[in-house]
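Below is one structure, written out as structure tokens; comments come after it.
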Amino acid sequence: MIIKSYCRITNHSIIVDGVRLQELEKFMMGNNVGEDLDKVYEQLNVNYHDYNNMDDYSKLGFITAELLMRHNGYDVEQEKPDMGLLIYSRSGCLGADYTLVRVMEGLTVNERAYERVIPNAICSSIACRHKISGETGIYLSDGFIYEQYFRTCHGIFETEPGLNTLLAGYVECYGGYVSSLLCLLKRPPANFQMDYDLREERFCIEMLRIY
């Protein structure tokens with residue numbers, strides 16, 4: 001796979017293609033994840049109808065995808081049948097599960113808490129926002145396994161000839177920890193010999209290690 005572009009967000013940083021977005025990352029204070037993400041969202045002037053109902057995990061993925069797609073000039077009104085969406089996570093919607101349990105126990109009130117406990121809710125929000133209608137999936141695993149990630153993406157390109165681009169990566173947001181890395185992966189050329197490129201794997205390792 002060829003990584004065309006990427007966006008990386010942590011508790012204290014927001015990076016798009018190697019450039020730190022200081023006007024946005026100044027809101028990532030690392031103390032209150034939900035409030036930090038909401039402040040970043042406000043700066044984007046998106047006004048997505050369902051954002052306020054999202055859990056922090058979905059908000060992180062939504063904002064990461066928004067920054068990446070906007071940076072690459074994609075029109076949110078244009079249908080994208082040749083684009084797929086793949087997200088890896090360790091905790092997934094565990095935060096939303098916890099909120100729902102608190103609602104069921106009468107400890108808090110949230111009439112729409114049940115909506116975010118569906119594991120692929122994060123994908124549906126991103127896909128609806130950007131009109132992505134290709135292959136979509138969420139994988140839960142013990143951390144971001146780079147080789148598995150690239151092999152899975154390669155398999156999607158192999159089995160879905162109509163796809164030219166994958167919005168794929170890792171989103172983790174639980175217990176105050178924020179880490180996302182979403183990439184735009186392009187279909188490799190016909191004479192590409194390897195099913196994934198080790199340079200791309202090292203790229204992911206460095207991104208998750210440095211920032």
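Read the figures in this text as sums done on the coordinates, not as results from a lab. From a predicted model like this one, the values you see are computed outputs, not experimental measurements. Heads up, the Cβs are rebuilt from the backbone with ideal geometry, glycines too, and the neighbour counts pull from every protein chain shown.
In this calculation the C-beta distance from Asn72 to Asp38 is compared with R0 = 41 Å, giving a FRET efficiency of 0.95. Summing +1 for each Lys or Arg and -1 for each Asp or Glu among the other residues whose beta-carbon sits under 11 angstrom from that of Val40 gives -4. Each peptide in 164-171, 38-45 gets a packing score, the mean of other Cβ atoms within 10 Å over its residues, and the list from highest to lowest is 164-171, 38-45. Here's the list of lysines a cross-link from Lys39 could span, going by alpha-carbon distance under 17 Å and ignoring same-chain residues fewer than 8 apart: Lys26, Lys59. Spin-label model, Arg151/Asn47: points 7 Å from Cα along the beta carbon direction are separated by 4.7 nm.
When you count the other C-beta atoms within 10 angstrom of each residue and take the mean per peptide, 81-89, 19-27, 124-132, 145-153 line up highest first as 81-89, 124-132, 145-153, 19-27.
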